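Report on the following structure.
The values are calculated or read from the model by the stated rules, or taken from the named source; none is laboratory data. Since this is a predicted model, take the numbers as computed values, not measurements. For neighbour counting, all protein chains shown are included, and Cβ atoms are generated from backbone atoms with ideal geometry for every residue, glycine included.
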Amino acid sequence: MAFYRSLMNEQLYPRGTQRPGQAGWIANKLLGLRQALRVQITAQRKANSLILGSWNIRHFDGGRLRLPESYHYIAEIIDHFDICAIQEVKDLRAMDRLVGLLGPNWRYFVNDSTGGGRGNHERMAFVYNRDKLRFRNLIGELVLPQGALPGGEQIGRTPFFAAFQAGWFRFTLCSAHIVFKEVKNRPQRHQEISQIAQVLASRAQADDEVHILLGDMNIVNRSDAGFRALTENGFTVPDIGPTALSGGKYYDQIAFAGPQDVTHMLAHGVVHWQDHVFRDDEAEDYHDIAATIRSAPNTGKPYGNWARSFKSWRTHEMSDHLPIWIELEVDYSDDYLRRIARPA
């Protein structure tokens, strides 16, 4: 369970319920968010299942620094998962702060920064609840064979993988953030996805183990070339729905390859946090706070039209992507015993 004790610190969070940043305001928002997550995830989940999430958290936290209350909302969402892949990690202090709110049973790994250019100085992270699953001591970055992509290039943001086990379910996660802007004679989105999918599908077959590719694929819809690159390489891709905060785009995906008899998906969903925190009807409540922060990136100028700018502003507090999740079965003991019990 996420930690809330810091909300009692009046130097950080003034008493009151009427304005953003006040302890009561944040507590009320958390209560609403918790109820929604309880209905969507917790109350429906099967005993001994695994909730696997993915979230591109915009510039976490390498642009305008987030408000303290935003960390509580982000932590609350992730706390309803058992493990979450995070893309666009820009500052490790943001991860430390997040895990501090999640509690001592949570751990995280990050990969190296991919540098500038197409990599945008980003990292990727896995944050997981040690009470729910364990790390299997395999971690690394996916490097393609020479010539796999045009110009001998590698993936713009190096995919990050790690192996875990939850109950009877052994699996390897690979987090990816596929290039958004396409440039002529450079690797295209569908080419990056295809090459990653080929490697992971081959490993899944060789290891006889489920490999899960997840993250921000920048897939526009389920008919575009990037999506076909997944299915043509043998991946099962549940229809989770649009994940762009602005609506319509299927940017984020969770896909899996490997032995189908141990990949039992029970549920899936998208967390619409904007219905509960930083809501459309709360723009005016945040006006004074935004005026002191100025616009992002820092221009030194106040927002000219706050009503119009609020929806963009809040993406720097939460994200321009919605978190996604799937529930997987991880207890196959009944099936195992039934096989033993069959007549010889």
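Among the residues of region 91-140, write down those that are among the aliphatic types (A, V, I, L, M) and surrounded by fewer than 17 Cβ atoms within 10 Å (Cβ to Cβ).
Answer for region 91-140, where residues must be among the aliphatic types (A, V, I, L, M) and surrounded by fewer than 17 Cβ atoms within 10 Å (Cβ to Cβ): 92, 110, 138, 139.
Among the residues of region 1-49, count how many are without any contact (Cβ under 8 Å) to a residue 60 or more places away in the chain, part of a loop (DSSP other than H, G, I, E, B) and among the polar types (S, T, N, Q).
5
When region 139-159 is examined, which residues are found to be in contact (Cβ under 8 Å) with a residue 24 or more places away in the chain and assigned to a loop (DSSP other than H, G, I, E, B)?
Residues satisfying the conditions are 142, 144, 148, 149, 153, 155, 156, 157, 158, 159.
Give me the residue from region 288-310 that is β-branched (Val, Ile, Thr) and at pLDDT below 85 and, out of that set, nearest to residue 67 (Cα to Cα).
293
Look at residue 239 and say whether it is within 19 Å of the chain's Cα centre (by Cα), charged (D, E, K, R) and within 20 Å of residue 173 (Cβ to Cβ).
No: the conditions fail for residue 239.
Name the residue, out of 239, 285, that is loosely packed, with under 14 Cβ neighbours inside 10 Å and at pLDDT 95 or above.
After ruling out the rest, the residue left standing is 239.
Restricting attention to region 151-186, which residues are touching a helix residue (DSSP H, G or I) at 6+ places or on another chain (Cβ under 7 Å) and more than 30 Å from residue 47 (Cβ to Cβ)?
Correct list: 155, 156, 157, 159, 176, 178, 179, 182, 185, 186.
Quick check, is residue 173 in a helix (DSSP H, G or I), aliphatic (A, V, I, L, M) and touching a His at 6+ places or on another chain (Cβ under 9 Å)?
Considered against the rule, which asks whether it is in a helix (DSSP H, G or I), aliphatic (A, V, I, L, M) and touching a His at 6+ places or on another chain (Cβ under 9 Å), residue 173 comes out as no.
Out of (1) without any contact (Cβ under 8 Å) to a residue 12 or more places away in the chain; (2) surrounded by 15 or more Cβ atoms within 10 Å (Cβ to Cβ); (3) of a type in the set (Gly, Ala, Ser), the odd one out for residue 206 is which?
It fails just one condition, (2).
Go through region 75-104 and count every residue that is out of contact with any Asp or Glu (no Cβ under 7 Å at 6 or more places or on another chain), touching a residue at least 12 places away in the same chain (Cβ under 8 Å) and either among the small types (Gly, Ala, Ser) or in a loop (DSSP other than H, G, I, E, B) (or both).
Qualifying residue count for the region: 7.
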